[in-house]
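Enquirer: Handing you a structure now.
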Amino acid sequence: MSIELPEAKILAEQMNSELAGKRIKSYHLQDHERLQRIGMLDRDTKSFDHLVNGEIESVISRGNVIHVKLNNGMNLVLGPEYGGKILYHTRKRKIPSKFHLKIDFRDSSALTVRFASMGLIHAVKDDDLDHSYVYRRDFNPDVASPIDEGFTLERFSKLLMNNNRMLKSVLVGKAAVVVGLSNSAFQDIVYRAKLHPKRKASELKKDERRTLFDAIRLVLQERIRLKGKDQFYDLYGNQGGYTPAMGSNMKQQTCPVCGTSVEKLSVGGGHVYFCPNCQV
Ligand SMILES: [Zn+2]
């Protein structure tokens, strides 16, 4: 389960409308040593002390990253891309016993962040935002967000044509030409675009580039419209309604289009499920 662009956007919008104007009373970190060891949580947790008494000004997302901006020069950067739950609690709702970060607000409401395996939490000053690796990666204006108006077929086509790498590394990861896609969205997108996961970007024909562009837009828009993937829970604990057309949920199944057995490939440090008949 991963939280990619659509789910990060859903969470950020809910957090913005629910949390803006709230003042932070205290915070608790729990079970966070492992995240610290792998560099995903500030080594010196005193940075979190500066969040206290700050008022939440706004919450926005770009790519897979959520940026909580406070009015006292501090920021909370959340990178939940490996999955987890970010939940809002009022007095009526019981706070889960397990969390990585809990923030209590002055009005007795609270926010908890619990990652499934790993995820990133940084408390950073305005001037140090770029020190956060995921912030730098996903809020970089030079890398397109596929839901931005500026993400056009022309711009995308140019990025593909100049790129002789495999589609996976062109769309996902450190050197991706867009932000917000992880392995989960990738499998869904190349299946819908009928492209083999190992195709090279620069070798795509004009109509294939268009099909890929349309598939990216479709998958992201549908996931936003249906309130996230079916394993995703929003800020209020509501489950999303989008089931990927291809991915680990299709393990040992047959392609709904042609009936061929779905296969698994190892691509770019992850497993990709695909239809060997439809995807060429
Ligand atoms: Zn098929």
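The values are calculated or read from the model by the stated rules, or taken from the named source; none is laboratory data. Because the structure is a prediction, the values reported are computed rather than measured. A quick note on method: Cβ atoms are made from the backbone with ideal geometry, for glycine too, and the neighbour counts reach across all protein chains shown.
Enquirer: Please specify each residue of the stretch 265-279 satisfying the condition of being without any contact (Cβ under 8 Å) to a residue 24 or more places away in the chain and among the hydroxyl-bearing types (Ser, Thr, Tyr).
Expert: 266
Enquirer: How many residues does the stretch 100-118 contain that are more than 14 Å from residue 32 (Cα to Cα), in a loop (DSSP other than H, G, I, E, B) and not hydroxyl-bearing (Ser, Thr, Tyr)?
Expert: Looking only at that region, the number is 2.
Enquirer: Does the stretch 226-246 contain any residue that is touching a strand residue (DSSP E or B) at 6+ places or on another chain (Cβ under 6 Å), within 28 Å of residue 154 (Cβ to Cβ) and within 16 Å of the ligand (Cβ to nearest atom)?
Expert: Yes; the residues of the stretch 226-246 include at least one that is touching a strand residue (DSSP E or B) at 6+ places or on another chain (Cβ under 6 Å), within 28 Å of residue 154 (Cβ to Cβ) and within 16 Å of the ligand (Cβ to nearest atom).
Enquirer: On the given criteria, is residue 157 closer than 20 Å to residue 265 by Cβ and assigned to a helix (DSSP H, G or I)?
Expert: no
Listed here are the residues, each with its yes/no results for (1) surrounded by fewer than 16 Cβ atoms within 10 Å (Cβ to Cβ); (2) more than 17 Å from the chain's Cα centre (by Cα).
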residue	(1), (2)
12	no, no
79	no, no
100	no, yes
107	yes, yes
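Enquirer: Within the stretch 6-50, can you find the residues that are aliphatic (A, V, I, L, M) and assigned to a helix (DSSP H, G or I)? Spell out the reasoning first.
Expert: Step one: list which residues in the stretch 6-50 are aliphatic (A, V, I, L, M), which gives 8, 10-12, 15, 19-20, 24, 29, 35, 38, 40-41.
The answer is 8, 10, 11, 12, 15, 19, 35.
Enquirer: Based on what the data block shows, is residue 202 more than 16 Å from the ligand (Cβ to nearest atom) and closer than 19 Å to residue 82 by Cα?
Expert: The answer is no for residue 202.
Enquirer: Mind telling me which of the residues 56, 103 ends up being over 19 Å from residue 133 (Cα atoms), in contact with a helix residue (DSSP H, G or I) (Cβ under 7 Å, 6 or more places away or on another chain) and modelled with pLDDT of 95 or more?
Expert: Going through 56, 103 in turn, the sole match is 56.
Enquirer: Regarding residue 164, is this residue farther than 26 Å from residue 228 by Cβ, surrounded by fewer than 21 Cβ atoms within 10 Å (Cβ to Cβ) and without any contact (Cβ under 8 Å) to a residue 60 or more places away in the chain? Talk me through it step by step, then tell me what you get.
Expert: Numbers: farther than 26 Å from residue 228 by Cβ: yes; surrounded by fewer than 21 Cβ atoms within 10 Å (Cβ to Cβ): yes; without any contact (Cβ under 8 Å) to a residue 60 or more places away in the chain: yes.
So residue 164 fits the description; yes.
Enquirer: A further question on this structure: Can you tell me which residue within the stretch 265-279, out of those that are in a loop (DSSP other than H, G, I, E, B) and out of contact with any Lys or Arg (no Cβ under 7 Å at 6 or more places or on another chain), is modelled with the lowest pLDDT? Spell out how you get there, then give the answer.
Expert: Taking the stretch 265-279 as the starting set, the residues that turn out to be in a loop (DSSP other than H, G, I, E, B) are 268-269, 275-279.
Remaining after also requiring out of contact with any Lys or Arg (no Cβ under 7 Å at 6 or more places or on another chain): 269, 275-277.
Numbers: 269: 79, 275: 98, 276: 97, 277: 98.
Among those residues, the one meeting the criterion is 269.
Enquirer: If you don't mind, another one. If I ask for residues that are crowded, with 19+ Cβ neighbours inside 10 Å and within 14 Å of the ligand (Cβ to nearest atom), which ones from the stretch 263-277 would you list?
Expert: Correct list: 273, 274, 275.
Enquirer: Right, next: Looking at the stretch 119-127, can you tell me whether even one residue there is within 24 Å of residue 179 (Cβ to Cβ) and either in a helix (DSSP H, G or I) or not assigned by TED's automatic domain parsing to the domain that holds residue 19 (or both)?
Expert: Within the stretch 119-127 (the criterion being within 24 Å of residue 179 (Cβ to Cβ) and either in a helix (DSSP H, G or I) or not assigned by TED's automatic domain parsing to the domain that holds residue 19 (or both)), the answer is yes, since at least one residue qualifies.
Enquirer: For residue 224, indicate whether it is aliphatic (A, V, I, L, M) and either in the same structural domain as residue 19 (by TED's automatic domain parsing) or farther than 23 Å from residue 263 by Cα (or both). Give the derivation first.
Expert: Numbers: aliphatic (A, V, I, L, M): yes; either in the same structural domain as residue 19 (by TED's automatic domain parsing) or farther than 23 Å from residue 263 by Cα (or both): yes.
Yes, satisfied.
Enquirer: Still on this structure, I have one more. What number of residues within the stretch 247-258 are away from the ligand (no atom under 15 Å from the Cβ) and small (Gly, Ala, Ser)?
Expert: Residues in the stretch 247-258 being away from the ligand (no atom under 15 Å from the Cβ) and small (Gly, Ala, Ser): 1 in total.
Enquirer: Answer yes if at least one residue in the stretch 208-220 is within 18 Å of residue 82 (Cα to Cα) and more than 16 Å from the ligand (Cβ to nearest atom), and no otherwise.
Expert: yes
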